[in-house]
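To keep things clear, I will list the structure first and then write my remarks on it.
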Amino acid sequence: MFMKLWNSIICDVKTTNEASDKYLDKLLSNKARKLAVENALKKLDKGPDGRYTNVWEMMSDVDVLIGAFENIISGPEYEELRKSVPKRLNMQFFKYVQTRMRDSHLRLS
């Protein structure tokens, strides 16, 4: 599905210089992340009482974790932080968080 989205966007956009490629990469990664989060939300299951039963599993999805992080730091109160941190995300950190969240021995206090 991602390749289909990627190909449809690439075919419609003509890039003429290197600066537009950076913009295109940012646009594509944001659209792909949004699509991944939407797909994760579609996987929520309702129980017989109307409550969602697999919320924790959906919340621990790597794309949802990254999307939540990006949403939080996009606020105006984090402008200084955005200027000082590297532009690349540490994927190992998000995978570690996912593993910890899905650990059956995890205790919430």
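The values are calculated or read from the model by the stated rules, or taken from the named source; none is laboratory data. Keep in mind the model is a prediction, meaning the values are calculated, not measured. Heads up, the Cβs are rebuilt from the backbone with ideal geometry, glycines too, and the neighbour counts pull from every protein chain shown.
I'd like to know if the stretch 56-70 contains one or more residues that are loosely packed, with under 11 Cβ neighbours inside 10 Å and more than 15 Å from the chain's Cα centre (by Cα). Let's see the steps before the verdict.
Taking the stretch 56-70 and keeping what is loosely packed, with under 11 Cβ neighbours inside 10 Å, we get none.
Within the stretch 56-70 (the criterion being loosely packed, with under 11 Cβ neighbours inside 10 Å and more than 15 Å from the chain's Cα centre (by Cα)), the answer is no, since none of the residues qualifies.
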Matching residues in the stretch 22-65 - criterion: being out of contact with any helix residue (DSSP H, G or I) (no Cβ under 7 Å at 6 or more places or on another chain), of a type in the set (Asp, Glu) and at pLDDT 80 or above: Glu38, Asp45, Asp49, Glu57
Using beta carbons and a limit of 8 Å, which pairs, at least six apart or on different chains, have the first residue in the stretch 56-68 and more than 17 Å from Asp103 (Cα to Cα) and touching a residue at least 60 places away in the same chain (Cβ under 8 Å) and the second one assigned to a helix (DSSP H, G or I) and of a type outside the set (Ser, Thr, Tyr)? none
Of all the residues that make up the stretch 88-109, how many are more than 13 Å from Arg33 (Cβ to Cβ), outside any helix (DSSP H, G or I) and of a type outside the set (Gly, Ala, Ser)? 8
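State which residue is modelled with the highest pLDDT when the search covers only the stretch 80-109 and only residues that are of a type in the set (Val, Ile, Thr) and within 22 Å of Asn30 (Cβ to Cβ).
Of the residues in the stretch 80-109, the ones of a type in the set (Val, Ile, Thr) are 85, 97, 99.
Still in the list and also within 22 Å of Asn30 (Cβ to Cβ): 85, 97.
On the way: Val85: 67, Val97: 90.
Across the stretch 80-109, the extreme among qualifying residues is Val97.
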